[in-house]
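Below is one structure; the comments refer to it alone.
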Amino acid sequence: MKTKVLGFALIIFFTLFSYGQDPIYMLPDEQRQLINEAIKCLNQKQSNCNSFFEDAIQISKQVDNDSILAQTYFEICNALDFAGNGEDHIAYAKRGLQLDGKKHPLVTNRLLRELGYAYSKTGKIDSLIPIYERAIYWAEYANDSSEIAISRIRLASSYKRIGNIKKSIELLLDSRIYVKASNDIHRESGLLFTLANSYSANKDDELAISNYLEAADGFLKADDKRMYAASIVNMSIVANDIGKHALSLEKLPEAIEIFKKNEPNSVLYCNTHLGRALYLNGDLNEAIPLLKSSIAEAIRLDNKIIENLGRKFLAQAYLDTNAYDLALIETSQVYKEEKERGVSDAYLNSLKLHAEALTLNNKSTEAVKVYKDYISTKDSIFTKAKEKEIANMRELYEAEKRETQIDLLEKDVAISNSQKTLYGVGMISFIMIAALLYFGFKQRIKKNRIAREKQEAIYKQEIAFKKKELTTQTLHLVQKNTFLQELKENLEKIKKSPELFKVEFRRIVMLLKKQNAEDKDWEVFKSYFSEVHNNFDVKIKSIAEDITEKEMRLASFLRMNLSTKEIASMLNVLPDSVLKSKYRLKKKLQLDKDEDLTQFLNTL
């Protein structure tokens with residue numbers, strides 16, 4: 001009897017599995033023609049265009065095949081993605097998802113991706129994570145490696161958009177096996193391109209460059225010149241940021257030639273970054289004219305973003321050639337434009353550049369005012385970013401919890417209904433009942449295991465969040481102290497004209513002394529550091545009871561693997577002072593001359 005029960009359970013399993021493998025159906029010509037008419041109507045900005053979509057749906061409903069109806073909804077969503085509005089896109093995707101996904105798992109997967117695209121276009125990014133997780137489920141149900149890869153890439157991009165870069169990178173790295181299985185070089189290049197974007201956002205610049213270049217090679221082999229150009233442009237931007245402008249000078253002209261055919265804004269973007277690469281390479285006679293022409297072209301195309309970008313690069317070139325008055329003209333324009341747009345990273349950069357130009361043009365009072373705005377804006381952006389990150393973590397946790405509760409409830413109801421029906425059959429159905437109960441029991445164990453794994457994943461996310469928070473707090477301290485040092489240096493320049501700025505200078509110096517004296521940021525850092533590094537302060541004090549607070553700070557920064565230069569910036573001292581402090585700390589911890597201090601601290 002046991003053999004029969006197991007055999008019946010296997011029959012049920014394989015029946016369910018094969019039920020989900022129905023193929024994608026091609027859309028009949030009549031429905032396709034109606035959808036094409038709707039696209040024409042939308043492109044011509046006519047009214048009541050959705051009536052063509054509704055007619056196509058009604059025709060598909062007359063066919064006794066859910067897959068054709070689902071495919072109709074998918075084709076409608078695809079049309080709306082190019083020619084319609086986001087709300088209609090969302091509405092039709094949701095209608096299509098009301099059908100039984102097991103009859104057409106791949107169409108269901110694609111409808112979910114369409115829903116994700118629509119939410120992205122309408123700015124509803126907080127809903128993307130659960131949508132793409134469901135898309136992955138249906139792709140796995142259909143056992144389609146290619147669709148699994150696409151859905152995982154979309155999920156990774158969504159994590160990047162909400163600020164969880166680490167999760168994005170992990171997903172993309174795990175997805176490479178699915179892309180390899182699809183034998184699609186274009187898709188693999190798309191994954192590498194997305195991975196490079198995430199590495200760039202995470203400041204892993206070398207990894208970003210290598211992945212952009214690998215993606216570019218793949219796109220070239222797949223004969224997609226546009227994506228090849230996009231890859232080398234993104235690579236060049238990162239290369240400029242880390243001083244590898246020779247690579248940008250080599251690659252950017254290729255992208256310009258590709259975009260010249262029909263993408264003037266892309267050509268403009270490339271020329272702007274090429275101008276920066278020339279400036280970084282010291283070719284100012286070529287860089288300045290190119291940046292000027294790029295700004296003029298941006299004005300003609302009414303592209304404010306690239307115009308401001310060009311003005312920033314041009315202003316920096318002017319500052320480096322001591323053309324301070326010309327630099328101030330450019331920074332004033334950018335400052336005005338970005339201020340109207342509101343608080344952003346672009347506005348923050350424009351504040352710093354404008355303050356530098358004001359200072360070098362002996363406009364001391366205005367410079368100090370802009371520097372103050374820079375400090376408050378930087379703190380504001382930092383605070384908002386942290387609040388958003390915490391809110392996203394909370395939303396992810398709640399979504400996981402709701403999904404687990406719903407799945408468990410549905411399983412309980414399904415088992416309960418099955419039992420009521422089967423018990424009524426009597427002794428003849430006993431074997432079937434036993435098989436279903438066994439199958440249900442196995443499913444419940446599996447579901448509980450999944451729920452437990454999800455909870456563990458949430459805990460891991462929380463730990464990762466604390467580690468990221470610690471890193472962010474460290475960087476915040478570095479940036480803050482670097483800025484204070486920079487501000488002091490500028491004030492020393494202003495000090496040369498005491499008759500213009502005597503009273504204001506004293507007041508600002510007092511303000512800086514007061515700010516340096518505050519230990520609020522250090523206390524926040526200590527709290528995160530202790531959580532992440534398992535009571536590091538307690539362990540080190542057990543070795544050296546007389547360790548001072550200043551030495552504890554040094555030990556913590558060394559445990560974070562910060563460089564001597566970074567630590568000097570954190571502590572507002574010279575690098576030589578840090579080296580001397582490291583020597584004294586090593587002696588206090590009773591380490592031998594040959595022992596490495598940082599390695600020792602990493603063992604605690």
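Computed quantities for the displayed model
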| read-out | value |
| --- | --- |
| Those residues of the stretch 235-250 which are among the charged types (D, E, K, R) and either under 20 Å from the mean Cα position of the chain (by Cα) or open to solvent by less than 40 Å² (accessible area, probe 1.4 Å) (or both), in sequence order | D241 |
| Test: I329 is modelled with pLDDT of 60 or more and either open to solvent by 60 Å² or more (accessible area, probe 1.4 Å) or touching a Cys at 6+ places or on another chain (Cβ under 6 Å) (or both) | yes |
| From K180, K160, residue being touching a Ser or Thr at 6+ places or on another chain (Cβ under 6 Å), among the charged types (D, E, K, R) and at pLDDT below 85 | K160 |
| Matching residues in the stretch 60-88 - criterion: being open to solvent by 40 Å² or more (accessible area, probe 1.4 Å), over 13 Å from E114 (Cβ atoms) and assigned to a helix (DSSP H, G or I) | K61, D66, E87 |
| Matching residues in the stretch 159-181 - criterion: being part of a helix (DSSP H, G or I), small (G, A, S) and within 9 Å of the chain's Cα centre (by Cα) | S168 |
| Residues located in the stretch 559-604, provided they are within 37 Å of the chain's Cα centre (by Cα), outside any helix (DSSP H, G or I) and among the polar types (S, T, N, Q) | N561, S563, N572, T603 |
| Number of the exception - F557 against (1) modelled with pLDDT under 85; (2) out of contact with any Asp or Glu (no Cβ under 8 Å at 6 or more places or on another chain) | (2) |
| Where R32 falls short, out of the listed (1) touching a Cys at 6+ places or on another chain (Cβ under 9 Å); (2) open to solvent by 30 Å² or more (accessible area, probe 1.4 Å); (3) touching a residue at least 12 places away in the same chain (Cβ under 8 Å) | (1) |
| Condition met for Y137 (free of Cβ contacts under 8 Å to residues at least 12 places away in the same chain and aromatic (F, W, Y)) | yes |
| Answer from N322, N308 - the residue that is modelled with pLDDT under 90 and open to solvent by less than 30 Å² (accessible area, probe 1.4 Å) | N308 |
| Matching residues, the stretch 251-277, being small (G, A, S) and under 24 Å from the mean Cα position of the chain (by Cα) | S266 |
| Test result for I232, surrounded by fewer than 24 Cβ atoms within 10 Å (Cβ to Cβ) and either at pLDDT 90 or above or in a helix (DSSP H, G or I) (or both) | no |
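Listed here are the residues, each with its yes/no results for (1) within 28 Å of the chain's Cα centre (by Cα); (2) among the β-branched types (V, I, T).
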site	(1), (2)
N50	no, no
D55	no, no
S67	no, no
I76	no, yes
A83	yes, no
G86	yes, no
A93	yes, no
G96	no, no
L99	no, no
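The values are calculated or read from the model by the stated rules, or taken from the named source; none is laboratory data. Keep in mind the model is a prediction, meaning the values are calculated, not measured. FYI the Cβ positions are ideal-geometry reconstructions off the backbone, even for glycines, and counts take in every protein chain you see. Protein only, heavy atoms only, side chains kept; ligands, DNA and RNA dropped before computing areas. Shrake-Rupley method; radii C 1.70, N 1.55, O 1.52, S 1.80 Å.
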